[in-house]
Each structure stands twice: as structure tokens, then as C-alpha cells.
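What follows is a short report on a single structure.
The values are calculated or read from the model by the stated rules, or taken from the named source; none is laboratory data. Every value quoted in this text rests on a predicted model; they were computed, and no experiment measured them. Here the Cβ positions follow ideal geometry from the backbone for every residue, glycine too, while neighbour counts run over all protein chains shown. Keep in mind that these areas ignore ligands, DNA and RNA; they rest on the heavy atoms of the full protein, side chains included. Shrake-Rupley method; radii C 1.70, N 1.55, O 1.52, S 1.80 Å.
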Amino acid sequence: MSVDHKPFQADKPLVVDLDGSLVRTDLLYESFLNVVPLGFSANLAAVQALAIGKAAVKHRLAEASDLDYTTLPYDSRVIDLIRAAKMQGRKVYLATAANAKHAQAIADHLGVFDGWFASDGTTNLSGSRKAEALTAAFGENGFDYIGNGPADLPVWERADKAYGVGLSNSAKNRLVALKGDYVALDSTKVARQTWFKAFRFHQYVKNLLVFVPLLTSHQFTLDKILVDLIAFVAFCACASAVYILNDLLDLKSDRAHSTKRARQFASGLLQLRTGLLIIPGLLLFAVILATTISLKFVGVLLGYFALTTAYSVYLKRKMLVDVVVLAMLYTTRIVAGGVAAEIQISQWLFIFSMFIFTSLALIKRYIELSTRLDRGLPDRSDRNYRIGDLDVIAALAAAAGMNAITIFALYVTSPDVQALYRHPKALWLVCPILLYWIGRALMMAHRRLMDDDPIVFALKDRISAIAIVAIVAVVAIAI
């Protein structure tokens with residue numbers, strides 16, 4: 001612990017809890033999620049520390065982690081209270097069960113604390129231990145305390161004035177029974193749409209790819225449609241689990257981003273622990289649905305989850321490997337639709353999807369890099385791309401897009417088309433539409449007129465909607 005033992009002012013010092021009080025997050029989970037992508041050795045060290053105790057785990061994770069303390073979601077109400085106390089000449093201290101590394105870094109960043117108390121490698125400064133440490137330093141009822149949950153009840157009991165941040169009804173009742181009264185700093189209730197955004201409902205449109213084998217094979221039977229509907233819901237649940245996992249692993253980079261910092265977990269609107277619990281719940285729901293289809297479909301779904309987890313943890317940091325994996329993830333949805341409906345996937349469809357989705361993934365990387373260039377930001381340390389790669393990425397995106405059109409043209413001339421379409425030559429009209437759309441997407445990205453996800457952009461773009469309707473009309477004519 002670090003405490004300034006100079007004589008106090010007449011007013012009692014204000015002691016502030018960290019996790020859930022000063023910051024709308026938990027530094028233990030922050031450290032864990034920051035260390036997960038670092039590899040086997042860093043994670044093994046934390047697991048081995050479990051045999052020693054919770055304090056040792058916190059210490060190992062804190063030492064291995066590299067958090068950005070300047071972008072943490074600080075609670076403005078608590079900051080205002082601290083500033084008001086300082087203006088009154090009061091001493092203010094930070095007291096946390098988080099590791100001392102975090103406490104010192106945050107105290108140094110904010111520059112408002114007269115000292116701090118924190119856990120070390122052997123002592124977990126939580127609950128009664130924190131209460132004893134503060135009582136030893138300031139005396140019984142010799143301090144005011146800001147906390148946020150049941151773990152702070154022993155501290156509030158030894159404090160003079162109690163402040164509660166976002167307390168649950170149960171914690172409120174217990175605190176009132178203990179102190180008779182307290183100052184409430186209630187958090188904003190988490191709205192239902194907050195969870196909708198965390199689940200990324202708008203991204204579910206990508207899972208419509210499971211219906212592609214059904215559409216391209218023209219096997220519109222009721223049983224196959226129902227099976228694909230179940231497959232769609234299963235992939236939506238699995239995808240939401242993946243999106244939440246990705247958000248949890250990207251906390252640091254999201255908070256440094258101009259718009260992603262407002263994401264639900266990065267901003268502290270949703271708790272990290274809740275996110276970690278929801279991930280297996282969503283995955284279990286997806287697997288239960290998948291088992292109603294077939295074990296083969298379960299295998300494809302779990303393969304998708306494994307690949308996208310590997311992408312989130314490691315592969316997205318590898319140059320070009322990341323875009324190929326993204327293309328594979330989109331293509332896996334198509335494969336899953338074929339497996340669910342027991343439809344043989346055409347080699348033409350498989351190759352076309354790999355090229356078109358590789359092109360879109362490269363456009364997404366182009367947008368990310370061009371945004372950093374325009375804002376004068378340095379290269380990202382967690383990505384293996386450089387701003388100077390922009391021209392190469394644009395060329396690769398164009399090449400992959402043009403190859404996709406070439407594959408489609410070859411498909412139109414293949415014998416496979418004759419068995420499916422009465423007027424196959426009409427499909428040639430799809431080629432100029434695709435050529436226009438891909439070329440326009442590249443131009444829009446170059447002009448900084450596209451969002452960071454080309455597929456989401458296409459859903460909002462009027463011209464893209466016209467292109468999709470035109471392709472559907474051409475296919476209908478060909479049938």
C-alpha cells in the first residue's frame with residue numbers, strides 16, 4: 001500500500017473503491033482478457049498461480065497485462081465527488097482489491113489521490129481485509145467510503161459516511177440496515193437495446209448465407225426450408241457469442257477508436273463478467289438447436305466457432321491470414337446451409353464465395369488503414385498492417401473481386417447451369433452488375449464514403465439495394 005501519513009485536515013478523508021466505483025469495469029477481468037491473446041506461457045503462469053491464491057492470480061495477470069489506463073471507463077460522478085472533496089481541502093485515497101500495479105498507474109494518471117491501498121502478490125485487499133487496513137490507517141469511523149457492492153459492506157460498517165455506486169436492491173437494503181442512510185449514486189439502467197447492440201442483431205443478415213445452397217440448387221421444399229431456418233437461428237446465437245467474445249478481447253483497441261469506444265463492454269455499460277457468462281450460454285443454445293439437424297451440422301457449427309475464436313484471439317493479428325480466415329468464415333455459413341439441408345455444395349459456389357468475401361475483407365482493412373491515415377494516427381500495434389500498405393491492399397481487393405466475377409462467368413458457361421436454368425444466357429447480365437458493384441465499393445472506400453464493414457454498408461446503401469434487386473430479377477428471368 002502507499003499512504004501519505006501527514007496529518008489530515010479537519011474533515012475526514014474520502015476513500016474510493018476502484019472496480020465498479022471509480023471505473024465502470026473490473027480490472028481483474030480486464031487483465032485476464034488482455035492476457036488471453038498473449039499465448040500459452042502467459043496464461044499458464046496465471047493458471048499456476050491459482051494454487052497459491054487469488055492475490056497471486058491478480059498479481060500474475062497484472063504483471064503480464066498491458067492496459068491503457070487513460071481510456072478506462074471512469075465514472076464521471078465519482079470523479080466529480082473526488083474533485084469536490086479536493087476543493088474542500090480533504091484528503092482522498094484509492095482503496096482497491098485490484099493489484100497494486102493497477103492502483104499506482106491509475107493514481108498516477110488521475111493525479112488526485114493522496115495515497116492508495118491495493119492487493120499485492122500475497123494479500124487480496126477485499127472485504128474485511130480492506131476494512132481493517134483502512135481502520136488501521138484512519139481509525140474507526142475515521143473516513144468516508146465510496147463502494148459499489150456487497151463486498152464493501154465490511155468497509156462501510158467501519159466508515160463514517162457511505163456512498164453507494166449503482167447498488168442492487170439487495171445491497172441497498174443491507175447497507176440501509178447497516179448504516180441507516182447512505183448517499184446513492186445510482187447507475188443508469190441497462191436498456192434492452194443495449195443488449196441488442198451487444199448481440200449485433202444487425203449482423204444477423206450475414207447468416208442468411210445458410211440459405212444460399214437452397215436458392216442456388218432450386219430445392220425449395222418445406223422440410224429443407226424449415227431445417228435451414230433452424231440452422232439460421234443456430235448460427236445467429238453462435239455469431240452473437242463470437243461478437244461478444246471479440247468485443248471482450250478488443251477492449252483496449254476499441255477504447256482507442258473514435259466510434260468503437262462507445263461499444264457496450266468498452267464503455268462499461270455492460271459488465272465483463274456478464275459477457276463471459278453469456279458466451280457459453282449462447283453457444284450451448286446454438287449447439288442444442290444444431291443437434292436437432294444433424295451431428296454433421298453440429299461439427300460445422302463448432303468448427304465455425306473454433307475458427308472465429310482463433311481469429312479473435314490470434315489470427316486477426318496476422319497479415320493477409322486474417323482476410324483469408326474472414327472469407328472462410330463467410331463460406332462456412334454457406335457450407336453449413338448445404339449440410340443442414342443435405343444439398344451438395346457446388347464447387348463454383350465455393351470458389352466464388354472465397355474470392356468475393358476475400359475482396360470484401362480486404363476493403364474492410366483498406367477502410368481501417370485509410371481512417372488512421374486521415375486522422376494522423378500511427379500504425380496499430382495489434383495488427384500486422386502498415387498505412388503504407390494501402391495501395392497494395394486496394395490492388396489485392398480489386399484482384400480478388402475481379403477473380404470472383406471471372407469464376408461466375410466460367411460458371412455461366414459450364415454444363416452445371418444447363419440443368420438448373422431454362423435461360424442460362426440471361427445470367428451473363430449478373431457479371432456487369434457485379435463488376436459495377438465491386439468497382440463502386442472500391443471507389444467509395446477510396447473516397448472515404450464507406451463504413452468500416454462493406455456488408456453493413458451495402459445494407460444501408462440505395463445503389464447496393466438496386467444492384468441486389470437487379471441480380472435477383474436476372475436470376476428469376478433465367479429460371
* Asked: Out of Leu329, Leu349, which single residue is free of Cβ contacts under 8 Å to residues at least 60 places away in the same chain and of a type in the set (A, V, I, L, M)?
  -> Leu329
* Asked: Which of the residues that make up the range 222-268 are at pLDDT 90 or above, farther than 22 Å from Leu329 by Cα and among the polar types (S, T, N, Q)?
  -> Gln264, Ser267
* To do: Could you tell me whether any residue of the range 161-174 is open to solvent by less than 30 Å² (accessible area, probe 1.4 Å), of a type in the set (A, V, I, L, M, F, W, C) and in a helix (DSSP H, G or I)?
  => yes
* Could you please tell me which pairs satisfy a Cβ distance under 9 Å, a separation of 6+ or placement on different chains, a first residue in the range 205-230 that is over 26 Å from Gln418 (Cα atoms), and a second residue that is open to solvent by 60 Å² or more (accessible area, probe 1.4 Å) and not in a loop (DSSP other than H, G, I, E, B)? => Val205/Leu459; Asn207/Val233
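Condition test on Asp223, is it surrounded by fewer than 20 Cβ atoms within 10 Å (Cβ to Cβ), assigned to a helix (DSSP H, G or I) and among the acidic types (Asp, Glu)? Walk me through it before giving the result.
Details: surrounded by fewer than 20 Cβ atoms within 10 Å (Cβ to Cβ): yes; assigned to a helix (DSSP H, G or I): yes; among the acidic types (Asp, Glu): yes.
It is true that Asp223 is surrounded by fewer than 20 Cβ atoms within 10 Å (Cβ to Cβ), assigned to a helix (DSSP H, G or I) and among the acidic types (Asp, Glu).
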* **Unique residue being among the charged types (D, E, K, R), over 17 Å from Gly439 (Cβ atoms) and open to solvent by 20 Å² or more (accessible area, probe 1.4 Å) when the list is Asp391, Asp382** => Asp382
* To do: Please determine, by comparing only the residues of the range 299-308 that are within 24 Å of the chain's Cα centre (by Cα) and free of Cβ contacts under 8 Å to residues at least 40 places away in the same chain, which one is nearest to Gly338 (Cα to Cα).
  => Val300
* Report whether or not Leu320 is modelled with pLDDT under 90 and open to solvent by 40 Å² or more (accessible area, probe 1.4 Å). => no
* How many residues does the range 260-275 hold that are open to solvent by less than 40 Å² (accessible area, probe 1.4 Å) and either of a type in the set (Gly, Ala, Ser) or without any contact (Cβ under 8 Å) to a residue 40 or more places away in the chain (or both)? -> 5
* Go through the residues of the range 371-382 one by one and say whether even a single one is modelled with pLDDT of 90 or more and among the β-branched types (Val, Ile, Thr). => no
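What about Leu208, is it surrounded by fewer than 17 Cβ atoms within 10 Å (Cβ to Cβ), at pLDDT 95 or above, closer than 30 Å to Phe305 by Cβ and not hydroxyl-bearing (Ser, Thr, Tyr)?
Working: surrounded by fewer than 17 Cβ atoms within 10 Å (Cβ to Cβ): yes; at pLDDT 95 or above: no; closer than 30 Å to Phe305 by Cβ: yes; not hydroxyl-bearing (Ser, Thr, Tyr): yes.
Here the answer is no, as Leu208 does not meet what is asked.
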* Asked: What single numbered condition from (1) at pLDDT below 90; (2) surrounded by fewer than 20 Cβ atoms within 10 Å (Cβ to Cβ) fails to hold for Ala198?
  -> (2)
* Structure fact -> Over the range 12-28, the set of residues over 19 Å from the mean Cα position of the chain (by Cα) and among the basic types (Lys, Arg) is Lys12
* Looking at Ala234, Ala241, which is the one that is closer than 30 Å to Ala476 by Cα and small (Gly, Ala, Ser)? -> Ala234
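Yes/no per residue for (1) touching a residue at least 24 places away in the same chain (Cβ under 8 Å); (2) over 35 Å from the mean Cα position of the chain (by Cα); (3) farther than 27 Å from Pro280 by Cα:
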| residue | (1), (2), (3) |
| --- | --- |
| Gly147 | yes, no, yes |
| Gly166 | yes, no, no |
| Leu178 | yes, yes, yes |
| Gln193 | no, no, no |
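Listed here are the residues, each with its yes/no results for (1) open to solvent by less than 30 Å² (accessible area, probe 1.4 Å); (2) farther than 17 Å from Ile479 by Cα; (3) within 32 Å of the chain's Cα centre (by Cα).
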{"site": "Gly401", "(1), (2), (3)": "yes, yes, yes"}
{"site": "Leu429", "(1), (2), (3)": "no, no, no"}
{"site": "Ile433", "(1), (2), (3)": "no, yes, no"}
{"site": "Ala441", "(1), (2), (3)": "yes, yes, yes"}
{"site": "Met450", "(1), (2), (3)": "yes, yes, yes"}
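Among helices (runs of 4 or more DSSP H) lying entirely in the range 41-151, which contain 1 or more residues that are surrounded by 14 or more Cβ atoms within 10 Å (Cβ to Cβ) and of a type in the set (Asp, Glu)? Steps first, please.
Details: elements: 54-64, 76-87, 100-110, 128-138.
Correct list: 54-64, 128-138.
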* To do: Could you please let me know if Ile278 is hydrophobic (A, V, I, L, M, F, W, C), under 20 Å from the mean Cα position of the chain (by Cα) and either buried (at least 20 other Cβ atoms within 10 Å of the Cβ) or assigned to a helix (DSSP H, G or I) (or both)?
  => yes
* Structure fact -> When restricted to Ala458, Ala441, the only residue touching a residue at least 40 places away in the same chain (Cβ under 8 Å), out of contact with any His (no Cβ under 8 Å at 6 or more places or on another chain) and of a type in the set (Gly, Ala, Ser) is Ala441
* Considering (1) open to solvent by 40 Å² or more (accessible area, probe 1.4 Å); (2) in a loop (DSSP other than H, G, I, E, B), say which one Val233 fails and leave the rest. => (2)
* Asked: With Leu22, Leu28, Leu38 as the choices, which residue is in contact (Cβ under 8 Å) with a residue 60 or more places away in the chain, open to solvent by 10 Å² or more (accessible area, probe 1.4 Å), touching a helix residue (DSSP H, G or I) at 6+ places or on another chain (Cβ under 9 Å) and of a type in the set (A, V, I, L, M, F, W, C)?
  -> Leu28
